[in-house]
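Q: Starting off with a structure, shown below.
The values are calculated or read from the model by the stated rules, or taken from the named source; none is laboratory data. Quantities reported herein were computed from a predicted structural model and do not represent experimental measurements. Every residue, glycine among them, receives a Cβ derived from its backbone with ideal geometry; neighbour counts consider all protein chains shown.
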Amino acid sequence: MKNVVFLDIDGVLNSNFWNKTHTKEISDGSLIDAEKIGLLAELIRRTDAQIILHSGWRFWFDSAGQPLRAEAEKLVELLADAGLTIGGFTPDLTTEEIRRTKKFSLVKADEILVWLRAHPDVNGWVVLDDLDLHHAQIGQHQVKTDPAVGLTLEDVAKAEEILRK
């Protein structure tokens, strides 16, 4: 049995404060907050969890999990510096309309549930995301971060509590 952290990036490992005036830096991965990576690393260490990327950033990796863009390379590098790796990715259930309108939150819950059904050995799981994922079961396992702040110590404590249930 294993624990899993379904990880979103924007609004979790960075904040909307930067999105408003620094969209270039956000999109190139340079504004991933090292402090947020440290908080994530503490959660992973305390709960022996595996990171499953469910962020739109997962599209910046190939099917073998290798980075396709500089942003993904930077993310992998920052995670590695903290002793972390990405253990997998949720499947893509988006449609052309969802991609066009960027309403990924409409399918994120289903993508997580599909991943969980394919991995019945998961003992505990938590979702770190700043978006409402529109699903009651997911909501019970979600720590909804404040996108203006990103991941906090309080969020990590809530996530750890969910994983230990």
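Q: Return yes when residue 32 is among the β-branched types (Val, Ile, Thr), at pLDDT below 95 and under 16 Å from the mean Cα position of the chain (by Cα) and no when it is not.
A: Yes: the conditions hold for residue 32.
Q: A follow-up question, please. Does residue 77 satisfy the criteria of being surrounded by fewer than 20 Cβ atoms within 10 Å (Cβ to Cβ) and under 28 Å from residue 45 (Cβ atoms)?
A: Judged against the criteria, residue 77 is a match.
Q: Any idea how many residues of the range 146-165 are touching a Gly at 6+ places or on another chain (Cβ under 6 Å) and not in a helix (DSSP H, G or I)?
A: 1
Q: Which pairs turn up if I take residues in the range 99-111 that are more than 10 Å from residue 134 (Cβ to Cβ) and look for partners that are in a loop (DSSP other than H, G, I, E, B) and of a type outside the set (Val, Ile, Thr) with beta carbon separation below 6 Å, at least 6 apart in sequence or on another chain?
A: Listed by first residue and then by second, the contacts come to 111/91; 111/93.
Q: Can you give me the ranges of the helices (runs of 4 or more DSSP H) entirely in the range 33-127 with at least 3 residues that are acidic (Asp, Glu)?
A: Result: 70-81.
Q: Now for a different question. Does residue 92 fit the bill of being among the acidic types (Asp, Glu) and at pLDDT below 95?
A: The answer is yes for residue 92.
Q: Does residue 114 meet the test of being touching a Phe, Trp or Tyr at 6+ places or on another chain (Cβ under 8 Å) and either without any contact (Cβ under 8 Å) to a residue 40 or more places away in the chain or hydrophobic (A, V, I, L, M, F, W, C) (or both)?
A: Answer is no for this residue.
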